[in-house]
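The values are calculated or read from the model by the stated rules, or taken from the named source; none is laboratory data. On a predicted model such as this, the values are computed, not experimentally measured, just so you know. With ideal geometry, Cβ positions are generated from the backbone for all residues, glycine too; neighbour counts draw on all protein chains shown. Heads up: the accessible areas ignore ligands, DNA and RNA and are worked out on the full protein's heavy atoms, side chains in. Shrake-Rupley method; radii C 1.70, N 1.55, O 1.52, S 1.80 Å.
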Amino acid sequence: MRPIHSKITEITEESPNVRTFFFDTQFNEATPGQFVMVWVHGTDEVPMTLSGKNSITVQKVGDATSRMFELGIGDHMGLRGPFGRGFTIPRNDENVLFIAGGVGAAPIAPLADIVKARGIEGRTILGSRCCDEILFRERFACGRVDITTDDGSEGRGGFVTDQLAETDTSDYDRIYVCGPEIMMYKVFEILKARDGHVKTEFSLHRYFKCGIGVCGACSMDPEGLCVCRDGPVFNGGELEGSEFGHYERDSSGCKCRF
Amino acid sequence: MKIAGIELKNPTILASGIMGTTGAALARMSRNGAGAVVTKSIGPVPNKGHNNPSMVELECGYINAMGLPNPSYSGFCEEIGIAKSKTDAPLIASIFGGDAAEFTEVANGLLSSKPDCFELNVSCPHAEGYGASVGTDPDLVHEITASVVDAVDVPVWVKLTPNVTDITSIGRAAESAGASAVVAINTVRGMAIDIHSGYPILGNRFGGLSGPAVKPVAVKCVYDLYEALDIPVIGVGGITCPQDAIEMILAGASAVEIGSAVHDDTQIFETISKGIDTYLQKYGYSKTEDITGLSHEMI
Ligand SMILES: Cc1cc2nc3c(=O)[nH]c(=O)nc-3n(C[C@H](O)[C@H](O)[C@H](O)COP(=O)(O)OP(=O)(O)OC[C@H]3O[C@@H](n4cnc5c(N)ncnc54)[C@H](O)[C@@H]3O)c2cc1C
Ligand SMILES: Cc1cc2nc3c(=O)[nH]c(=O)nc-3n(C[C@H](O)[C@H](O)[C@H](O)COP(=O)(O)O)c2cc1C
Ligand code: FES
């Protein structure tokens, strides 16, 4: 598909460095965790999870995202998608736990919306660097929400993993995780020690070029799975013994250790 | 089947630049049935490639301008080692450079990882100073091919660009320099523009067309090369099903490479090699070689 010329209809300032852009293009068939390739004309095209049927939630980190932050309502971006494999939607009788760090709350929030709409109780561990950066706390209000902040400005001081270490996870049927890879890997290790990693899904991040499973830029060792096509969401069992938590590749294919 | 100096498990080969960036991905394509695998084209220094969008699906195929991203030969030896340890399908190392010296440097640099064959990319249409910039000049193609053939002790294939007036003159240059086979075709120069914003879609503005749109171009190039050369021709461009592969073989291909079609079917190699077998049986042939170039007799 060609990029769909999409008009920005609304922008929400979520935190000093995170904005949600709403578009006049709706991806109604998208499942939570799927992504779109976002073409910022004249700059770059980068992957962004759909934080809603017609929205992406963006952290300003570099060229493309900074350019996005210069755009306003009525401006356009090109969107290709939805692509990839999203999260498994929980059944109504399942207990779910969400673990999100930073902008990693974006892929999980649509799942929390579904859980809330169905009246299922979902518990959340929501981490950020400081109180100004806590993302989507109201969307996660489908049950208990434990906030952690690195600087202790709100909730429990420390990382989501500190909170997780103190949380009994045996009652949860499904656990959904997204955040920086180091954080996700620590979560993986804690849950693996409890044999809980196989009921856990992680949304991964790798350098994407094509986004459609052809170029091979995003392949992971040792199975050669494509993060853009076979993921970005992977079950913890699939990640065992993989490069997850150890290294990724940059745009030239060189390995970079975490 | 033995083609151009290497023993293929079946006549389907993974084309360069598709799932070829890591040893693990190459091994996966071999598990999916590829008779041999070609690596992403590797060059002398690490290269990030062009900005995105670098590959987009169009109505009739795909357009890409990856810009030859690769970790350089020193970064890639390990990946070839991994691929070779995980599969018994032959591994063909695709390489590029700006001149004969660079090509030879890259080939020498990869030799320790023991590729079964080299494929010289003198045909990428969108990397300045590389690929088709050298592959449109028969003298340069001759010089580069001769230099690599001289340096390595495995077969050397030369991958040709269709973006020339007469592809056979380039094919002859490769053959006379000692190439064991030619591979045709690389992508066809092309461009796509977003009519709403006015921007060319690719980060590099223009790039190469692949997929179904280029198959008739590829069939004609293979047909012409088969007439002009004595060495085998490997057909590539727009093959998505057994019928496409058979058409290419009838035009003169000894084997086929498959690229973009991995998008629709990750098991495409198995699908196509089984389909070729079924066809051979149906029409009473015993091997692919029996039908290579058969359409040339139908005049
Ligand atoms: C499946 C997926 C979903 C994502 N969802 C979100 C999201 O919802 N919100 C969000 O803020 N960010 C998300 N990201 C990360 C986002 O794609 C990068 O932060 C963004 O590309 C940065 O672009 P830049 O030009 O501003 O930064 P640059 O200065 O170009 O790079 C900064 C860093 O961003 C990453 N990056 C740059 N280009 C790419 C690319 N083509 N593919 C992957 N990573 C890249 C690299 O890690 C790089 O080191 C997601 C990434 C992936 C893979
Ligand atoms: C994303 C992409 C990357 C490619 N990279 C290379 C490359 O590095 N070297 C090369 O010789 N050909 C490269 N090609 C060309 C293919 O190997 C093949 O010749 C072309 O795509 C036509 O075959 P297809 O229609 O089956 O894809 C690339 C093609 C695509 C689509
Ligand atoms: S980004 Fe091209 S295969 Fe995943």
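Only four residue types carry charge here, +1 at the Cβ of Lys and Arg and -1 at the Cβ of Asp and Glu. Report the dipole size of region B:145-277 about the Cα centre in Debye, rounded to the nearest 20.
The calculation lands at about 420 debye.
Dividing the Cα radius of gyration by the Kirkwood radius, what Rg/Rh value follows for region A:96-257? Before the final figure, lay out the partial values.
On the way: Rg = 15.8 Å, Rh = 16.2 Å.
Taking Rg over the Kirkwood Rh, I get 0.98.
Take every residue in peptide A:219-231, count the Cβ atoms of other chains within 10 Å of its Cβ, and give the average of those counts.
4
Could you quote the convex hull projected area for region A:54-170, Cα atoms only and averaged over all directions, in nm²?
Seen from a random direction, the Cα hull of region A:54-170 projects 9.0 nm² on average.
Can you run phi through the Karplus equation (6.51, -1.76, 1.60; θ = phi - 60°) for region B:204-218 and list ³J(HN,Hα) in whole Hz, with x for Gly and Pro?
Residue by residue, region B:204-218 yields 7, 6, 10, x, x, 8, 9, x, x, 4, 9, 4, x, 5, 5 Hz.
Ignoring any ligand, DNA or RNA, what whole percent of the accessible area of region B:190-299 comes from carbon and sulfur when the probe is 1.4 angstrom?
54
Other chains' Cβ within 10 Å of B:13-24 residues: what's the mean? If you can, show how the numbers build up before the last one.
Working: counts 0, 1, 0, 0, 3, 5, 8, 4, 10, 12, 4, 10.
Per residue, the average neighbour count from other chains is 5.
Can you tell me, using C-alpha contacts under 8 Å and at least 6 residues apart, the relative contact order of region A:4-83 as a whole percent?
On the way: 159 pairs, mean separation 31.9, N = 80.
RCO, region A:4-83: 40 percent.
For chain A, report the accessible area per residue in Å² (1.4 Å probe, heavy atoms, rounded to an integer).
Here the residues of chain A average 38 Å² of exposed surface.
Kindly give the semi-axes, whole Å and largest first, of the ellipsoid equivalent to chain B, taking each as the square root of 5 times a Cα gyration tensor eigenvalue.
Values: eigenvalues 128, 102, 80 Å².
In descending order the semi-axes read 25, 23, 20 Å.
Return a whole-number percent for the relative contact order of chain B, with Cα pairs under 8 Å and 6 or more residues apart as the contact set.
Relative contact order comes out at 18 percent.
Just the number, please: buried accessible area between A and B, total of both chains, 1.4 angstrom probe, nearest 100 square angstrom.
3200
Would you mind checking which residues have amide H under 5 Å from residue A:127's amide H? H placed 1.01 Å from N; only 5 or more apart, or other chain.
A:100, A:101, A:102, A:148
Counting only Cα, what are the radius of gyration and maximum Cα-Cα distance Dmax of region B:38-111, in Å?
14.1, 41
Determine the shielding of peptide B:193-204 by partner chains: average, over its residues, the number of Cβ atoms on other chains within 10 angstrom of each Cβ.
Going residue by residue through B:193-204 and averaging, the value is 4.
So for region B:198-274, what percent of the C-alpha to C-alpha distances run longer than 18 Å?
Numbers: 1293 of 2926 pairs.
Percentage above 18 Å: 44.
Can you work out the Karplus-derived ³J(HN,Hα) for every residue in region B:56-61? Use 6.51 cos²θ - 1.76 cosθ + 1.60 with θ = phi - 60°, whole Hz, and x for glycine or proline.
Those phi angles translate into 9, 7, 9, 5, 10, x Hz.
Rounded to the nearest 0.05, what FRET efficiency do residue B:197 and residue A:254 give with R0 = 35 Å and r taken as the Cβ-Cβ distance? Could you check?
After rounding to 0.05, the efficiency reads 0.60.
What's the long-distance tail for the protein assembly as shown, i.e. % of Cα pairs beyond 47 Å?
That fraction is 18 percent.
Consider all pairwise Cα distances in region A:4-83 and report the whole-number % of them above 17 Å.
36
Got a sec to turn the phi values of region B:152-159 into Karplus ³J(HN,Hα) couplings, 6.51 cos²θ - 1.76 cosθ + 1.60 with θ = phi - 60°, whole Hz, x for Gly and Pro?
Couplings: 10, 10, 10, x, 10, 9, 10, 9 Hz.
What FRET efficiency would be calculated for the residue pair residue B:206, residue A:91, taking the C-beta separation as r and a Förster radius of 30 Å, to the nearest 0.05?
0.05
Which order do peptides B:220-228, A:214-222 fall in by mean Cβ count within 10 Å, highest first?
Values: B:220-228: 21.7, A:214-222: 25.2.
Ranked from most to least packed, the peptides come out as A:214-222, B:220-228.
Using a 1.4 Å probe on the protein chains only, how many percent of the accessible area of region A:4-83 belongs to carbon and sulfur?
Reported share for carbon and sulfur atoms: 45 percent.
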